[in-house]
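K.L.:
Handing you a structure now.
The values are calculated or read from the model by the stated rules, or taken from the named source; none is laboratory data. The structure presented is a predicted model; accordingly, all values stated were derived computationally and were not measured. Cβ: placed from backbone, ideal geometry, glycine included. Neighbour counts: every protein chain shown.
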Amino acid sequence: MANETIPRLESYDDVALTKAFGELKLQFNQEAMLSGSPEGRESLRVDWLGRKQGRLTQISSIWLKTAPDSAKRSLGQRFNEFKAYIEQSIAQELSVESAGSGRPLDAIDISLPGTRSRIGIEHPLIKTMNEIVAVFKSMGYSVGVGPEVETDYYNFESLNFPPNHPARDTQDTLVVAGQERKALRDRLLMRTHTSPVQIRTMEQQAPPVRIVIPGKVHRNDAADATHSPIFHQVEGLCVDTNITFSDLKGTLDHAMKAFFGSSVKTRFFPSFFPFTEPSADVQISCIFCGGKGCRKCKHSGWIELLGCGMVDPAVFGAVQQKQPGYDPKKISGFAFGMGVERIAMMKYGVSDIGQFYSGDMRFLEQFA
Amino acid sequence: MKILSQWIREYVPSIAADDRQLADDLTLRGIAVDGVFDLGADADGKSNGSLFEMDITTNRVDAMNHYGIAREAATIYNVPLLPLDAALPEFAKSSKPCPVRIEAPELCGRFTARVLRGVHVGASSGVVAERFRLLEQKQIFNTVDATNFVWMAMGHPTHAFDLDKLEGGIVVRRARKGEKIKLLDGTERTLEPDDLVVADEVKAVGLAGIMGGWDTMITPATRNVLVEAAWFDPATIRRSSRRHGLHTDASHRFERGADFNAAPVANALVCKLILESGGSVEGELVDVVIPEAAARTADRTAISLAVSEVARHLGATEDGKGIPAATVVQYLTALGCDLKASGEQAYAVKLPSWRLDIEREIDLIEEVARVHGYNKFANTLPAFAGTVVDLPQEQKEATLRRTLLALGLSEAVSSTFCSAAEADVFAPQPGSSVAMGNPLNEEAGMLRPSLLPGMLTMMAHNLHRDVQDVRLFEMGTVFSGSTERVDENPALSLGATGAAEGTSLYPEKDALFFEMKGAIEELCGKFSRRSLYFDTFAADSGLLPAWLQPGRCARAVMDGATVAWFGQVSSAQAQQRKLKQAVYVGEVYLHRLYKQALRQPISRELSRFPAVERDFSFIFPNAISWQQVAAALDNLALAEMVSREPREIFPGAAGKPVPEGHSSLLLRAVFQSQERTLREEEMQAMSARVMEALRDLGGQLRA
C-alpha cells in the first residue's frame, strides 16, 4: 500500500491523537465491512498487520519516530490499543468465517445459551457449618451431636451455671410447658448453646476426647436483622493430659487460618463464660481489608468471631460423677464455640439473618 | 458504663501511657474499653482527658467503677495505686450512738450508719459538678450526688436518710407479709417475708440493697442525715429485685457480690462530700458486722496456689520463659491478694474482699494469664493419639443430602416451632405434640412434630412473591412425646411446585407426583433393603394423612415400615395457605430409613451376548395398575427377561379405538442370556408367555 494512506499527524496533543486514531479506526472498519470473501479478508490482514509493509508497521515507524519525546508515551499507548483492536477484529472475522459461509445445513447456532439440569443448592448455613466441621475433623476431631431439647442440668447446672446465678440471665431460655412441678435440674428447655453435648460426650467417653459439635440452638431473643431466636453453633472440646491455654491458642489460630486463609491472624481477649476458666474472646484480622480497617470491621482491622477457654474444673467435677477419668488434677482441656450465622453473614455479605430461614429460592439461588 | 480517664489517673498518677494506650492495655486484659472520646479542655486550657465507654463482663462487678479500673491499670503497669482518702474532720464523740439492729443476720452481713447534723442541702459544686458534667450525669442535690459520686468512684452503693423522719433507730429485718412501702420512684410495693427491708422502729424505710423509701428521702429542708453503707446477701437481693421488677445500680452490685470491707470507706467518703457544704459529724461510725458473713467474704480462708499448676494450665509463653514465681507474686499482689510462701513454689493466697469471683486456684491462674496478656502466650498444637470416629448416621445423612442436591432440590432451614393447629394436622401420631411454656409467639406454641408446616410456609413464601418454580428439602429434628419426656427424631421434608413436564406415561398435571416419587425411590435406593413398595388408601379409610389430597398421594413402605408419605397438598391446606398453584410435599421418616445400612454396590458380570427388545401393545381396563402388570410378568420367572418397562400409556375415549374406561399400554421387555445368543424360537416362546399373562390379566392385544 502506498504511503499516502497514512495521514500526517498535525500535532501530538491528546485531541489530535484521538482524532487521528479515530479516523484510522473508521477506515479499517469500512474496509473490513467490504472484505466479503476469504481472500478479501486475508488481504485485509496483510494490508494492516503485514510485518514489513503493513500499515501498522508504517504508522509505527512514521508517527512514533517523528514524535517528540514528551508525546511518545501517550502515542505508544494509543498505538498499542489500536493494534489490539485490529488484531481482535480480524481474528473474529476469521472465526465467524470458519463457522459462517460454507456453514453445513445442520450447523448448530452455538451462540444460544446452554441447557443445564437443575442442581440443588447447598444452604449457606449448612455449607458453612460443614466447612467449619471439616477443618476440625482434619485436626483429629470427631463429630458429636446431642438433643435440641435439654434438661436444665445439662444446659446449665453441669456447665457451672448455678441456680439463680446472674449468668443465666444472658441466655434467655425457651422452656417446654408444664415443667414447674419438676426439680430444677430435670426441667426441659430448648438448649441455649451446643455446650451440653460436651458434658454428654465426656459422660460417655473417658479422656482423651476431641469432638466438634455442630447444631441448632434457641434463645428467647427478639428477631431483628442480626438476631434470630433460632441459630446454629459449632462447638469444640479437647481434653487430655497436659492440654494448655497455649494449645487452645495454637489450635484456634491454625483452624482460623485453615478456614479463612493463611494470612489471617488471631488475637485473644479475656472474657467470661461460666464453664471455662480462663475464658477468652477471639478476634481475627479482618478478612476484607487484611487488618487495615474498613467498613466491615468498623475500621478496627479486627472481627470478633468466637468464644473459648480452658474447661472449668467445676465442669470436670460434674462429669466425674459418671466418668472418674475426668480428674481436674490430672487432666485439662479447652472448649470453643462460634455462631454459624455470624460467620456465614460475614462471608457471604448477608444483611438480614431472617433470610436463612425463609426458604426463598431467590435468596438460595445466589449460593448456586 | 462511662469512665473518665482523669479520674483513673487521680488514683494512679504515675501511668506513663496516654489515654488511647491505656484503653488498649485495659481491653487486652479483659477490662474492655469499647470507645475512647476526647473531652477537650476546660476554660483554663487544662485537658479534660478522655471518656471511656466500657463493656465489662458480668463477673467483674469490682471493676465497674473508677477505683476498680484504676487498680487494673496499676497492676498492668506495675505502678502504685493510691489508697482512697476517707479521713473525716475531727469530731466530738457522741454519748449515744445511733442504734442499729440486724434482725436478719443471714440476709444482711454488715451495716454502717453515721449521723451528720446541720448539713446544707443544695447544688453540688467543685469536682463533683465538673465530673458529673463530663459524664452527663444528672445532678440532683449534694447529698444525693454524694452517694452517686461515691458509687461511680468505688462501686459501693450507699443511701442517705432524712434523720428527722426516722422514728427510732435502724432495724434491718425481713418484711412482714403484706407490708407496704412507697419507694423513691414513687411506686408503692407490697412486700413478702423474703424481702429484706431497712426499717426504723415503726416502718420500713427502704427495700434493702435495691431502693430507698419515699417518706425518709432527703429534701431541701433536710438538716440532719443518716448515711447508710451496708452489705447484703446476693441471692436475697437478686430474688427481691426480680420479684419487684426493680433493677437498680445498687441491686446490680449487691446481687453479684459487693465488697464487704468497702462499707465503712464508702460511708466516710459520702459523709466527707456532704460535709463540704457544711454540717458536722455526730459520733463514731456505727458498724455492725455479722462474723459469719465476714467469713464468707472478707475473711475467706487462704487458698493454695502451686506455680507448677500455672504452667500446667497455661502452657508456653511466646518468649519461652514461662511465668516465673516472682511474676505470679507480683501480678496477684497488685490485684490485692496477700501471698505467703507455703513450700517449694507454692503459696497460701489470701483473697481480696472485693473479688468474690475468685474462689479457687484456677481463678488465680486465670488472673495470672489475664494480667500477663493472653497474646503473650505461644501458639502450640497438642499431640493426639486418638482417631476420628464417624457418628453412625453421619454417612447416611451426607449421602441423602448429596443425593437430594443432585436431584435438584435446594436445602432450606425452617422454624423449630409450629402452631397448635398445625401440630394437630401434621403430627404423625395424634396427640403426641409438645407445647412450649413461653412460646416466641402464638404461631410457635408447639415443638414441630413434622417438618411439613415449615415446608408449606416456605412454599407459600415463594409463591406469594411470584417465585413459581420451587424445589426444596429440609433435614431436621422433629419432636414428639409429652412435656414429661420429649423424643427427637431426624426427618426430611420435600417440597415441589411449578414447571414439570409430562411424559408418554403421564400428563403434565401429574408430573410433580412422579418427580417426588422418583426422588424417594432414589433416596431409598441408597439403603440396603429387601422390599420397597408404594401404596395409598381411600379418602374414607381414615388412614390417609389429613394434609394430603386423596387419590393424589402415596406412602412408601420399605421392609414393612412406612418410610414416607408424599403427594399433592390437600385442597383444605392449599386454600388455608392461599396456594395459587398445585404444591407437592412429602415427609421421609429418617429414623426408620436409618435403621437400614447404606447399600453396598456389588458388581456383576455383564453379558457378552446381544440383548433383544420386544414391544407389546395392549388395552387394559383402568382398574389394572402398572404394578399388577409388572407382577404378572415377574411371576413368569423368565430368567432371560432382564427388564420390562412401560413405554407409553394413553387413555381411551368414547368412539376411539381405545374405549372409555380403558388405556393403551405399550410395554417393552428386554431379553438377554448370560450364556448364549437367544434363538428366534426361544424368543417366540417367551413372547407368547408374556402375551398370555397380559391376556389373563384382562388385557386385549392391540391390532
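K.L.:
Touching a strand residue (DSSP E or B) at 6+ places or on another chain (Cβ under 6 Å), outside any strand (DSSP E or B) and in contact (Cβ under 8 Å) with a residue 24 or more places away in the chain: does that describe B:V658?
P.N.:
Yes.
K.L.:
So for the range A:194-202 (the condition being of a type in the set (A, V, I, L, M, F, W, C), touching a Lys or Arg at 6+ places or on another chain (Cβ under 9 Å), within 17 Å of B:M436 (Cβ to Cβ) and buried (at least 22 other Cβ atoms within 10 Å of the Cβ)), does at least one residue qualify?
P.N.:
Within the range A:194-202 (the criterion being of a type in the set (A, V, I, L, M, F, W, C), touching a Lys or Arg at 6+ places or on another chain (Cβ under 9 Å), within 17 Å of B:M436 (Cβ to Cβ) and buried (at least 22 other Cβ atoms within 10 Å of the Cβ)), the answer is no, since none of the residues qualifies.
K.L.:
Quick test for you: out of B:G118, B:G169, B:G109, B:G122, pick the one residue that is surrounded by fewer than 19 Cβ atoms within 10 Å (Cβ to Cβ), closer than 19 Å to B:V289 by Cα and of a type in the set (G, A, S). Break it down into steps so the answer makes sense when it comes.
P.N.:
On the way: B:G118 fails: closer than 19 Å to B:V289 by Cα; B:G109 fails: surrounded by fewer than 19 Cβ atoms within 10 Å (Cβ to Cβ); B:G122 fails: closer than 19 Å to B:V289 by Cα.
Answer to the check: B:G169.
K.L.:
If we only count helices (runs of 4 or more DSSP H) wholly inside the range B:1-85, which ones have 1 or more residues that are more than 39 Å from the chain's Cα centre (by Cα), at pLDDT 95 or above and among the hydroxyl-bearing types (S, T, Y)? Steps first, answer last, please.
P.N.:
Details: elements: B:5-11, B:19-28, B:66-77.
Qualifying helices (runs of 4 or more DSSP H): B:5-11.
K.L.:
Within the range B:628-643, how many residues are free of Cβ contacts under 8 Å to residues at least 40 places away in the same chain and either under 23 Å from B:A703 (Cβ atoms) or touching a strand residue (DSSP E or B) at 6+ places or on another chain (Cβ under 9 Å) (or both)?
P.N.:
Step one: list which residues in the range B:628-643 are free of Cβ contacts under 8 Å to residues at least 40 places away in the same chain, which gives B:630-631, B:634, B:637, B:639, B:642-643.
With either under 23 Å from B:A703 (Cβ atoms) or touching a strand residue (DSSP E or B) at 6+ places or on another chain (Cβ under 9 Å) (or both) added as a condition, the list becomes B:630, B:634, B:642-643.
So the count comes out to 4.
K.L.:
Can you confirm whether the range B:528-550 contains a residue that is of a type in the set (S, T, Y), touching a residue at least 24 places away in the same chain (Cβ under 8 Å) and not in a loop (DSSP other than H, G, I, E, B)?
P.N.:
Looking through the range B:528-550, at least one residue is of a type in the set (S, T, Y), touching a residue at least 24 places away in the same chain (Cβ under 8 Å) and not in a loop (DSSP other than H, G, I, E, B).
K.L.:
Out of (1) more than 9 Å from chain A (Cβ to nearest Cβ); (2) touching a Pro at 6+ places or on another chain (Cβ under 8 Å); (3) surrounded by fewer than 19 Cβ atoms within 10 Å (Cβ to Cβ), what's the single condition that is false for B:Q395?
P.N.:
Exception for B:Q395: condition (2).
K.L.:
I would also like to ask the following. Considering only the range A:121-132, I want to know if a residue exists there that is more than 20 Å from A:V340 (Cβ to Cβ) and of a type outside the set (V, I, T). I'd like the intermediate steps shown before the answer.
P.N.:
Residues of the range A:121-132 more than 20 Å from A:V340 (Cβ to Cβ): none.
Among the residues of the range A:121-132, not one is more than 20 Å from A:V340 (Cβ to Cβ) and of a type outside the set (V, I, T), which makes the answer no.
K.L.:
Here is a further query. Restricting to the range B:563-612, give me the number of residues that are of a type outside the set (K, R) and outside any loop (DSSP other than H, G, I, E, B). Don't jump to the end; show me each part of the working.
P.N.:
Within the range B:563-612, the first condition is being of a type outside the set (K, R), and the residues that meet it are B:563-576, B:579, B:581-591, B:593-594, B:596-598, B:600-603, B:605-607, B:609-612.
Then drop every residue that is not outside any loop (DSSP other than H, G, I, E, B), which leaves B:563-569, B:571-576, B:583-588, B:590-591, B:593, B:598, B:612.
Total meeting the criteria: 24.
K.L.:
Would you tally the residues in the range A:188-224 being out of contact with any helix residue (DSSP H, G or I) (no Cβ under 8 Å at 6 or more places or on another chain), of a type in the set (S, T, N, Q) and assigned to a loop (DSSP other than H, G, I, E, B)?
P.N.:
Adding up the residues that qualify gives 3.
K.L.:
To continue, here is another question. On the basis of being surrounded by 19 or more Cβ atoms within 10 Å (Cβ to Cβ), within 14 Å of chain B (Cβ to nearest Cβ) and among the basic types (K, R), does A:K265 make the cut?
P.N.:
no
K.L.:
Still on this structure: For residues that are without any contact (Cβ under 8 Å) to a residue 24 or more places away in the chain and either within 14 Å of chain A (Cβ to nearest Cβ) or over 16 Å from B:E72 (Cα atoms) (or both), tally how many sit in the range B:311-336.
P.N.:
Here is the first cut: in the range B:311-336, the ones without any contact (Cβ under 8 Å) to a residue 24 or more places away in the chain are B:311-312, B:321-322, B:324-326, B:329, B:333.
Cutting the leftovers down to either within 14 Å of chain A (Cβ to nearest Cβ) or over 16 Å from B:E72 (Cα atoms) (or both) gives us B:311-312, B:321-322, B:324-326.
So the count comes out to 7.
K.L.:
Of all residues in the range A:171-187 being assigned to a loop (DSSP other than H, G, I, E, B) and in contact (Cβ under 8 Å) with a residue 24 or more places away in the chain, which is nearest to the other protein chains (Cβ to nearest Cβ)?
P.N.:
The initial filter retains those residues of the range A:171-187 that are assigned to a loop (DSSP other than H, G, I, E, B), namely A:171-174, A:177-183, A:187.
Adding the requirement that they be in contact (Cβ under 8 Å) with a residue 24 or more places away in the chain leaves A:171-174, A:187.
Details: A:Q171: 12, A:D172: 9, A:T173: 8, A:L174: 6, A:R187: 9 Å.
Here the residue is A:L174.
K.L.:
Every residue in the range B:337-364 that is assigned to a helix (DSSP H, G or I) and without any contact (Cβ under 8 Å) to a residue 60 or more places away in the chain, please. Don't jump to the end; show me each part of the working.
P.N.:
Restricting attention to the range B:337-364, the residues satisfying the condition of being assigned to a helix (DSSP H, G or I) are B:361-364.
Hits for the range B:337-364 are B:E361, B:I362, B:D363.
Rundown of residues vs (1) surrounded by fewer than 19 Cβ atoms within 10 Å (Cβ to Cβ); (2) closer than 19 Å to B:F141 by Cβ; (3) not hydrophobic (A, V, I, L, M, F, W, C), yes/no style:
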| residue | (1), (2), (3) |
| --- | --- |
| B:W214 | yes, yes, no |
| B:T222 | no, yes, yes |
| B:V225 | no, yes, no |
| B:R242 | yes, no, yes |
| B:R253 | no, no, yes |
| B:D259 | no, no, yes |
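K.L.:
So B:E282 clears everything in (1) surrounded by 17 or more Cβ atoms within 10 Å (Cβ to Cβ); (2) of a type in the set (D, E); (3) within 12 Å of chain A (Cβ to nearest Cβ) except one condition, right? Which one?
P.N.:
Status for B:E282: all satisfied but (3).
K.L.:
Going by what's in this entry, would B:T380 be described as facing chain A (nearest Cβ under 7 Å), among the hydroxyl-bearing types (S, T, Y) and surrounded by fewer than 20 Cβ atoms within 10 Å (Cβ to Cβ)?
P.N.:
Values: facing chain A (nearest Cβ under 7 Å): yes; among the hydroxyl-bearing types (S, T, Y): yes; surrounded by fewer than 20 Cβ atoms within 10 Å (Cβ to Cβ): yes.
Spelling it out, B:T380 is indeed facing chain A (nearest Cβ under 7 Å), among the hydroxyl-bearing types (S, T, Y) and surrounded by fewer than 20 Cβ atoms within 10 Å (Cβ to Cβ).
K.L.:
As an exercise: evaluate B:R401 against (1) at the interface with chain A (Cβ under 7 Å from one of its Cβ atoms); (2) under 21 Å from B:E474 (Cβ atoms); (3) under 29 Å from the mean Cα position of the chain (by Cα); (4) surrounded by 16 or more Cβ atoms within 10 Å (Cβ to Cβ) and give the number of the one condition it does not meet.
P.N.:
Just one mismatch for B:R401, condition (1).
K.L.:
Same structure again: Do you know which residues across the range B:485-510 are more than 8 Å from chain A (Cβ to nearest Cβ) and under 27 Å from the mean Cα position of the chain (by Cα)?
P.N.:
B:R485, B:D487, B:N489, B:P490, B:A491, B:L492, B:S493, listed by residue number.
K.L.:
Moving to a separate point now. With respect to B:S414, determine if the residue is within 30 Å of A:V212 (Cβ to Cβ), within 25 Å of the chain's Cα centre (by Cα), among the hydroxyl-bearing types (S, T, Y) and in the same structural domain as B:L579 (by TED's automatic domain parsing).
P.N.:
Details: within 30 Å of A:V212 (Cβ to Cβ): yes; within 25 Å of the chain's Cα centre (by Cα): yes; among the hydroxyl-bearing types (S, T, Y): yes; in the same structural domain as B:L579 (by TED's automatic domain parsing): yes.
Taking the combined requirement at face value, the residue satisfies it.
K.L.:
Does B:F417 meet the test of being more than 7 Å from chain A (Cβ to nearest Cβ), among the aromatic types (F, W, Y) and either farther than 26 Å from A:M190 by Cα or in contact (Cβ under 8 Å) with a residue 40 or more places away in the chain (or both)?
P.N.:
Details: more than 7 Å from chain A (Cβ to nearest Cβ): yes; among the aromatic types (F, W, Y): yes; either farther than 26 Å from A:M190 by Cα or in contact (Cβ under 8 Å) with a residue 40 or more places away in the chain (or both): no.
Taking the combined requirement at face value, the residue does not satisfy it.
K.L.:
Moving on. Tally time: how many residues in the range B:570-606 are out of contact with any helix residue (DSSP H, G or I) (no Cβ under 8 Å at 6 or more places or on another chain) and not acidic (D, E)? Write out each step before concluding.
P.N.:
Of the range B:570-606, the ones out of contact with any helix residue (DSSP H, G or I) (no Cβ under 8 Å at 6 or more places or on another chain) are B:570-572, B:574-576, B:589, B:591-592, B:595-597, B:599-606.
Imposing the further condition that a residue be not acidic (D, E) reduces the set to B:570-572, B:574-576, B:589, B:591-592, B:595-597, B:599-604, B:606.
Selection size over the range B:570-606: 19.
K.L.:
Filter the range B:437-455 for residues that are part of a helix (DSSP H, G or I) and more than 10 Å from chain A (Cβ to nearest Cβ); which is nearest to B:R577 (Cα to Cα)?
P.N.:
Within the range B:437-455, the first condition is being part of a helix (DSSP H, G or I), and the residues that meet it are B:442-444, B:452-455.
Subsequent filtering for residues that are more than 10 Å from chain A (Cβ to nearest Cβ) retains B:442-443, B:452-453.
Working: B:E442: 17, B:E443: 14, B:L452: 13, B:P453: 11 Å.
By that ranking, first place goes to B:P453.
K.L.:
Let me ask something additional. Does the range A:98-119 include one or more residues that are in contact with a helix residue (DSSP H, G or I) (Cβ under 7 Å, 6 or more places away or on another chain), at pLDDT 95 or above, outside any helix (DSSP H, G or I) and not basic (K, R)?
P.N.:
no
K.L.:
Within 7 Å of chain A (Cβ to nearest Cβ), within 29 Å of the chain's Cα centre (by Cα) and outside any helix (DSSP H, G or I) - does that describe any residue in the range B:421-434? Outline the logic, then answer.
P.N.:
Step one: filter the range B:421-434 for residues within 7 Å of chain A (Cβ to nearest Cβ), giving B:434.
Narrowing further to those that are within 29 Å of the chain's Cα centre (by Cα): B:434.
Right, trim to outside any helix (DSSP H, G or I) and you get B:434.
Looking for residues that are within 7 Å of chain A (Cβ to nearest Cβ), within 29 Å of the chain's Cα centre (by Cα) and outside any helix (DSSP H, G or I), one finds at least one in the range B:421-434, hence yes.
K.L.:
Still on this structure: Across the range B:538-548, which residue is surrounded by the fewest Cβ atoms within 10 Å (Cβ to Cβ) among those that are over 39 Å from the mean Cα position of the chain (by Cα) and either of a type in the set (S, T, N, Q) or closer than 20 Å to B:V583 by Cα (or both)?
P.N.:
My answer is B:S541.
K.L.:
Can you pull out every residue in the range B:456-484 that is at the interface with chain A (Cβ under 9 Å from one of its Cβ atoms) and charged (D, E, K, R)?
P.N.:
Those that are at the interface with chain A (Cβ under 9 Å from one of its Cβ atoms) and charged (D, E, K, R): B:R465, B:D469, B:R471, B:E474, B:E484.
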